[in-house]
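The values are calculated or read from the model by the stated rules, or taken from the named source; none is laboratory data. A quick note: this is a predicted structure, and the numbers were derived from the prediction, not measured. Methodologically, a virtual Cβ is constructed for each residue, glycine included, from the backbone with ideal geometry; neighbour enumeration extends over all protein chains shown. Each accessible area value is taken on the protein alone, full model and side chains, heavy atoms only, with ligands, DNA and RNA left out. Shrake-Rupley method; radii C 1.70, N 1.55, O 1.52, S 1.80 Å.
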Amino acid sequence: QVQLVESGGGLVQAGGSLRLSCAASGSIASINAMGWYRQAPGKQRELVATITSGGSTNYRDSVKGRFTISRDNAKNTVNLQMNSLKPEDTAVYYCFYMVTNYYWGQGTQVTVSS
């Protein structure tokens, strides 16, 4: 089992920045992927960014150049630095850890006002 605890999020004006963090604990595999999904009201959950234990990253097109994902393998943490935020980034952001199964954080609200 893997437990994920998220922190960060909140309310910010358009153009502002926020940083999300997620700490994983439990049975952590040396090879894994971590990242973030988000879900806006009335919409499906969508992948925002992923990072493997080897450091390979992937972003959805709408956040490229604005969001940066990073991780600390020694601490089993993953971070999402979000810059130039837009109202359409408003959503609940969920951290995930994945090897063969997905494990999820509890979600943290990000609200971007126009």
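For this structure, a couple of remarks:
- For the range 8-25, the set of residues classified as under 15 Å from the mean Cα position of the chain (by Cα) and open to solvent by less than 70 Å² (accessible area, probe 1.4 Å) consists of 8, 9, 10, 17, 18, 20, 21, 22, 23, 24, listed by residue number.
- Close pairs (7 angstrom Cβ cut-off, 6 or more residues apart or separate chains): at negative phi in the range 47-59, exposed (fewer than 13 other Cβ atoms within 10 Å of the Cβ) anywhere: 53/30; 53/31
- Being part of a loop (DSSP other than H, G, I, E, B) and under 17 Å from residue 25 (Cβ atoms) is a property that residue 75 has.
- Tally, over the range 26-52, of residues that are open to solvent by 20 Å² or more (accessible area, probe 1.4 Å), under 26 Å from residue 74 (Cα atoms) and modelled with pLDDT of 95 or more: 4
- Boolean, residue 62 is more than 27 Å from residue 113 (Cα to Cα), without any contact (Cβ under 8 Å) to a residue 40 or more places away in the chain and not in a strand (DSSP E or B): no
- Each residue in the range 68-105 was checked for being exposed (fewer than 15 other Cβ atoms within 10 Å of the Cβ), farther than 18 Å from residue 46 by Cβ and touching a residue at least 40 places away in the same chain (Cβ under 8 Å), and 3 pass.
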